[in-house]
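Below is one structure; the comments refer to it alone.
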Amino acid sequence: MTMRQNRRDFLKLSVAGLGLVALGPLACAPAAVDRKSFGVGLQLYTIRDAMAADVPGTLKKLSDMGFKNIELANYADGKFYGYIPSEFKKMVNDLGMDIISSHTQVEAAGISMENARKMADDHAALGVKYCIQPWVQEQDRNVESYKKMIADWNQVGSVMKEVGIQFGYHNHNFEFANLDGIVPYYDLFMKEMDPALITMEIDFYWVSKAGQDPVEMFNKYPGRFQLFHMKDMFTKQEPYFDVIKDDIAPVGAGVIDFKRILAAKETAGMKYLFVEDDNQGNGKPFETLETSISNLTTKILV
């Protein structure tokens with residue numbers, strides 16, 4: 001073998017070695033996080049303006065960000081965001097997402113069983129697992145109205161159960177205000193709601209603002225909190241009961257200890273969680289959603 005051949009073979013081996021060194025870090029780089037595998041959901045009230053402007057485009061953004069599940073906040077005249085159930089379901093499913101839940105208002109004036117069955121049938125056609133009462137008007141936040149509404153909700157829950165849907169209630173902070181010695185959430189809601197017909201969708205921002213400890217609530221009422229609303233707050237304040245939204249923070253950017261809460265999820269009975277921001281991210285909804293889902297999939301749910 002000549003000196004020239006030796007030198008040529010040496011150079012070949014050297015170049016090959018450099019190639020392995022160059023490829024090494026790439027070969028060992030961690031795979032990108034599959035956000036959808038975490039099952040993070042979103043309550044669409046968070047992006048209500050975007051949904052009003054462009055339903056297909058907005059849903060595509062959510063899928064691209066890695067959201068897997070969605071909870072709706074627009075049901076009227078048998079349609080969801082202006083689409084019949086089959087159309088809306090296909091649009092969501094084609095993007096690799098699932099519709100889990102829907103917020104649907106039952107007013108204090110009551111609901112006829114005919115209307116309850118229509119509402120149940122429309123949601124069954126959509127394929128949701130949950131239908132949630134999200135709100136009580138300010139004028140109806142008194143003991144007598146609460147009692148009447150809870151009785152109605154139990155009936156609606158029974159109708160929903162017939163079509164395989166779990167009815168539920170989403171809290172704010174006003175349910176924890178003391179009304180002449182009665183704390184409605186504990187003394188009325190949890191006592192008079194039939195747990196077989198109504199589950200609780202717990203909103204961690206609002207229970208925290210009311211001075212409640214979610215883990216203590218789970219321990220007191222195990223198995224009754226199937227849905228979690230992941231909503232953070234920037235500051236810890238004295239308890240208050242007005243619906244003030246200015247302190248809402250992206251999940252993981254505030255002071256709520258979600259790791260501690262999620263460690264008790266089995267006691268709670270949790271099955272699904274949804275990010276929510278009532279303030280639409282203070283004008284930057286998708287930027288704050290990116291912060292929330294990033295924190296959830298890299299820090300909180302891992």
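Miscellaneous remarks
- Of all residues making up the range 135-189, the number that are under 22 Å from GLU238 (Cα atoms), charged (D, E, K, R) and buried (at least 17 other Cβ atoms within 10 Å of the Cβ): 2
- Residue list for the range 267-302, filter: assigned to a loop (DSSP other than H, G, I, E, B), out of contact with any strand residue (DSSP E or B) (no Cβ under 8 Å at 6 or more places or on another chain) and in contact (Cβ under 8 Å) with a residue 12 or more places away in the chain: LEU301
Here is a yes/no grid of residues against (1) over 23 Å from GLY66 (Cα atoms); (2) crowded, with 18+ Cβ neighbours inside 10 Å:
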residue: ASP213; (1), (2): yes, no
residue: GLU216; (1), (2): yes, no
residue: LYS236; (1), (2): yes, no
residue: PRO250; (1), (2): no, yes
residue: GLY269; (1), (2): yes, no
residue: ASN279; (1), (2): no, no
residue: ASN295; (1), (2): no, yes
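- Residue that is farthest from PHE167 (Cα to Cα), among those in the range 195-227 that are among the hydroxyl-bearing types (Ser, Thr, Tyr) and touching a strand residue (DSSP E or B) at 6+ places or on another chain (Cβ under 7 Å): SER208
- For the range 218-258, a residue qualifies if it is in a helix (DSSP H, G or I), touching a residue at least 24 places away in the same chain (Cβ under 8 Å) and under 22 Å from TYR186 (Cα atoms), and the qualifying residues are PHE218, ASN219.
- Matching entry among ALA124, ALA151, ALA120 (being touching a helix residue (DSSP H, G or I) at 6+ places or on another chain (Cβ under 7 Å) and in the same structural domain as PRO184 (by TED's automatic domain parsing)): ALA120
The values are calculated or read from the model by the stated rules, or taken from the named source; none is laboratory data. The structure displayed is predicted, hence computed values, not measured ones. Please note: Cβ atoms are built from the backbone with ideal geometry, for glycine as well, and neighbour counts cover all protein chains shown.
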